[in-house]
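Participant: Handing you this structure, nothing more for now.
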Amino acid sequence: MKDWRRTHYSGEITPEMEGSEVVVAGWIHEVRDLGGVAFVVLRDREGKAQITIPKKKVPEELAEKMTSLVRESVVMVRGNIQKDERAPGNFELIPNDMKILSESKTPLPMDVSGKVNAELDTRLNSRYMDLRKPEINAIFKIRSVALTEVRNYLESQGYIEITTPKMVATATEGGTDLFPISYFEKEAFLNQSPQLFKQIMMASGLDKVYEIGPIFRAEEHDTNRHLNESISIDIESAFSDHNDVMKLLEEMIHHVTKNVEERCQSELRALEHNLIVPETPFERIKYEEAIDIAGDHGVEVVWGDDIPTAGEKAVGEEIGTYYYIVDWPSEIKPFYALPEPENQELSRAFDLMHPRFELSSGAQRVHKIKLLEKRMLNQDLDPEDFEFYLNAFRYGMPPHAGWGVGAERLLMALTGKKNIREVTLFPRDRNRLTP
Ligand code: ATP
Ligand code: MG
């Protein structure tokens, strides 16, 4: 009895291995029976393997079984490697044996051969099948590398990974965009941001923390860059100001992009995406300059208003790469963003922009409790609701700063995808709660 265990992914087989026997496993991509010879293409995570069946050399029963395979069935094939320049990877397998592990039903819910383009909704409904396409699973291979490199970079800079609660009693910013949940006899919410917790950690002595975790926002609007459940990459650093964490952020973007560019060449090729590693430091433009540029493009923004999407796009097109917007009006930034000590109208908050969207928001934070309470009241928040947070500021809280980056938006930047749902396995949006 021979052992039925995969010995190689298709991508690991080279023509130099001619003569040796291997076991491959995967999905039936294609069956072509030309009479005297038949071809079966098997697809696995690393590529494709052509199995060639010369009818005279392969036992009749096996040839029969292989040529009647239903597309997308899962099989294991034992075969001998033979050089062939016409086949994918320059090799083919002459089968000795085959085992059907799972037969596919027909018709398929969508085409995976790349011949027919399905609507995004159809694809997301059958995500498991959509992901069988190399240009789709490439996105999630890149995601894995990108998040690993985020961790590598932050760890190399002395950051400690934490996880904070997702079920909470109070809103981070008092907004209404929260999902309520029932928590025994109380009302609770799904957290919209780890902001308050990571700031509390600044009073813990751990100094530099990061979290990669879900955030939930009950935003009603349906855009190509918002989800209702998203993954946020958050950091907070004690004894640091806004400039320190802006430097960290641009260096991290540079590091992640460079490593994805180096480590994910075949995935980027599958996506037909030419990834450009951005140079650092990124340009810093003032809020005032940004609204001027927007104005030049016909998008009028009054000082003190948020920059609308059209304005962001106009500035993004003009600059063409990552840039920071700094010197925001204090009144439109959250209560925890520190006003410039010399000019309280302006804030030590910043946004990191990708030409097509906001990638990150951050700030040096208010660390003095009096000012924090005052800013809460100014924004109609009741400090009493935030006692658990404010307590951390009463017994020794160092100055600190931090930011949050949307992981999906980072992935949009790395893959060139224009719709955030493309880079999310199972997106949660206004219309989508399953799968
Ligand atoms: P936007 O203005 O684009 O709606 P925001 O300013 O409301 O974003 P922040 O609260 O600043 O978002 O959150 C920090 C980062 O988290 C954003 O820059 C973005 O990358 C990401 N993010 C925020 N909300 C969402 C969302 N609904 N879906 C996906 N990513 C999000
Ligand atoms: Mg923001």
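The values are calculated or read from the model by the stated rules, or taken from the named source; none is laboratory data. Just so you know, these numbers come straight off a predicted model, no measurement behind them. In this analysis, Cβ positions are derived from the backbone assuming ideal geometry, glycine residues included, and neighbour counts consider all displayed protein chains.
Residue-by-condition table, conditions (1) free of Cβ contacts under 8 Å to residues at least 12 places away in the same chain; (2) buried (at least 19 other Cβ atoms within 10 Å of the Cβ):
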site	(1), (2)
326	no, yes
382	yes, no
386	no, yes
393	no, yes
396	no, no
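Participant: Any idea how many residues of the stretch 337-355 are within 13 Å of ligand 2 (Cβ to nearest atom) and either surrounded by fewer than 21 Cβ atoms within 10 Å (Cβ to Cβ) or under 20 Å from residue 210 (Cβ atoms) (or both)? Working first, answer last.
Facilitator: Keep residues of the stretch 337-355 that are within 13 Å of ligand 2 (Cβ to nearest atom), which gives 337, 347, 349-354.
From what is left, the residues that are either surrounded by fewer than 21 Cβ atoms within 10 Å (Cβ to Cβ) or under 20 Å from residue 210 (Cβ atoms) (or both) are 337, 349-352, 354.
Matching residues across the stretch 337-355 total 6.
Participant: Next question, about the same structure. Using the structure shown, decide if residue 317 is within 16 Å of ligand 1 (Cβ to nearest atom), part of a helix (DSSP H, G or I), acidic (Asp, Glu) and closer than 20 Å to residue 225 by Cβ. Give the derivation first.
Facilitator: Numbers: within 16 Å of ligand 1 (Cβ to nearest atom): no; part of a helix (DSSP H, G or I): yes; acidic (Asp, Glu): yes; closer than 20 Å to residue 225 by Cβ: yes.
Answer is no for this residue.
Participant: OK, next. For residue 417, work out the one condition from (1) over 26 Å from residue 205 (Cβ atoms); (2) within 16 Å of ligand 2 (Cβ to nearest atom) it doesn't fulfil.
Facilitator: All conditions are met except number (2).
A quick yes/no check of all residues on (1) under 16 Å from the mean Cα position of the chain (by Cα); (2) within 30 Å of residue 368 (Cβ to Cβ):
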residue: 213; (1), (2): yes, yes
residue: 228; (1), (2): yes, no
residue: 233; (1), (2): yes, yes
residue: 292; (1), (2): no, no
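Participant: If we keep just the residues of the stretch 82-117 that are among the polar types (S, T, N, Q) and surrounded by 13 or more Cβ atoms within 10 Å (Cβ to Cβ), which is nearest to the chain's Cα centre (by Cα)?
Facilitator: Our first condition is that a residue be among the polar types (S, T, N, Q); within the stretch 82-117, this holds for 82, 90, 96, 102, 104, 106, 113, 117.
Filter again for surrounded by 13 or more Cβ atoms within 10 Å (Cβ to Cβ), leaving 82, 90, 96, 104, 113.
Values: 82: 40, 90: 34, 96: 42, 104: 31, 113: 25 Å.
Here the residue is 113.
Participant: Another question, if that's okay. If you check every pair at least six apart or on different chains, which have Cβ atoms under 9 Å apart with a residue in the stretch 353-373 that is small (Gly, Ala, Ser) first and a residue that is assigned to a loop (DSSP other than H, G, I, E, B) second?
Facilitator: Hits for this filter: 361/333; 361/334; 363/333; 363/334; 363/336; 363/338; 363/348.
Participant: Output the residues belonging to the stretch 263-300 that are within 28 Å of residue 402 (Cα to Cα) and either assigned to a helix (DSSP H, G or I) or modelled with pLDDT under 95 (or both).
Facilitator: Across the stretch 263-300, the qualifying residues are 287, 288, 289, 290, 291, 292, 293, 294.
Participant: Can you tell me how many residues within the stretch 356-397 are within 16 Å of ligand 2 (Cβ to nearest atom) and either among the charged types (D, E, K, R) or modelled with pLDDT under 95 (or both)? Steps first, answer last, please.
Facilitator: Applying the first criterion (within 16 Å of ligand 2 (Cβ to nearest atom)) to the stretch 356-397 yields 356-365, 379.
Next, from what is left, pick out any that are either among the charged types (D, E, K, R) or modelled with pLDDT under 95 (or both): 356, 358, 365, 379.
Here the count works out to 4.
Participant: Taking the stretch 1-27 only, how many residues are over 14 Å from residue 134 (Cα atoms) and touching a residue at least 40 places away in the same chain (Cβ under 8 Å)?
Facilitator: First pass over the stretch 1-27, keeping only residues over 14 Å from residue 134 (Cα atoms): 1-9, 12-25.
Checking the rest, the ones that are also touching a residue at least 40 places away in the same chain (Cβ under 8 Å) come to 2, 4, 6, 13-15, 17-25.
Going through the stretch 1-27 one residue at a time, the tally reaches 15.
Participant: Considering only strands (runs of 3 or more DSSP E) fully contained in the stretch 136-250, which possess at least 3 residues that are crowded, with 16+ Cβ neighbours inside 10 Å? Please lay out each step first, then the result.
Facilitator: On the way: elements: 180-183, 186-190, 208-216, 229-238.
Fully inside the stretch 136-250 and qualifying: 186-190, 208-216, 229-238.
Participant: Take the residues in the stretch 302-314 that are part of a loop (DSSP other than H, G, I, E, B) and in contact with a Phe, Trp or Tyr (Cβ under 9 Å, 6 or more places away or on another chain), then tell me which one is farthest from residue 261 (Cα to Cα).
Facilitator: Keep residues of the stretch 302-314 that are part of a loop (DSSP other than H, G, I, E, B), which gives 302-308.
Within this subset, residues satisfying the condition of being in contact with a Phe, Trp or Tyr (Cβ under 9 Å, 6 or more places away or on another chain) are 303, 307.
Values: 303: 39, 307: 32 Å.
Among those that are part of a loop (DSSP other than H, G, I, E, B) and in contact with a Phe, Trp or Tyr (Cβ under 9 Å, 6 or more places away or on another chain), it is 303.
Participant: What is the residue count in the stretch 61-101 for residues that are part of a helix (DSSP H, G or I), of a type in the set (Asp, Glu) and within 18 Å of residue 11 (Cβ to Cβ)? Break it down into steps so the answer makes sense when it comes.
Facilitator: Going residue by residue through the stretch 61-101, those that are part of a helix (DSSP H, G or I) are 61-67, 88-90.
Now narrow it down to the ones that are of a type in the set (Asp, Glu): 61, 64.
With the extra rule that they be within 18 Å of residue 11 (Cβ to Cβ), the set shrinks to none.
Of the residues in that region, 0 qualify.
Participant: Residues that are under 39 Å from the mean Cα position of the chain (by Cα), aliphatic (A, V, I, L, M) and either at pLDDT below 95 or not in a strand (DSSP E or B) (or both): does the stretch 10-23 have at least one?
Facilitator: yes
Participant: Another one. Quick one: which residue in 209, 145, 150 is touching a Cys at 6+ places or on another chain (Cβ under 8 Å) and either assigned by TED's automatic domain parsing to the domain that holds residue 241 or within 16 Å of ligand 1 (Cβ to nearest atom) (or both)? Give the derivation first.
Facilitator: Values: 209 fails: touching a Cys at 6+ places or on another chain (Cβ under 8 Å); 150 fails: touching a Cys at 6+ places or on another chain (Cβ under 8 Å).
Step by step, each of 209, 145, 150 is checked, and only 145 is touching a Cys at 6+ places or on another chain (Cβ under 8 Å) and either assigned by TED's automatic domain parsing to the domain that holds residue 241 or within 16 Å of ligand 1 (Cβ to nearest atom) (or both).
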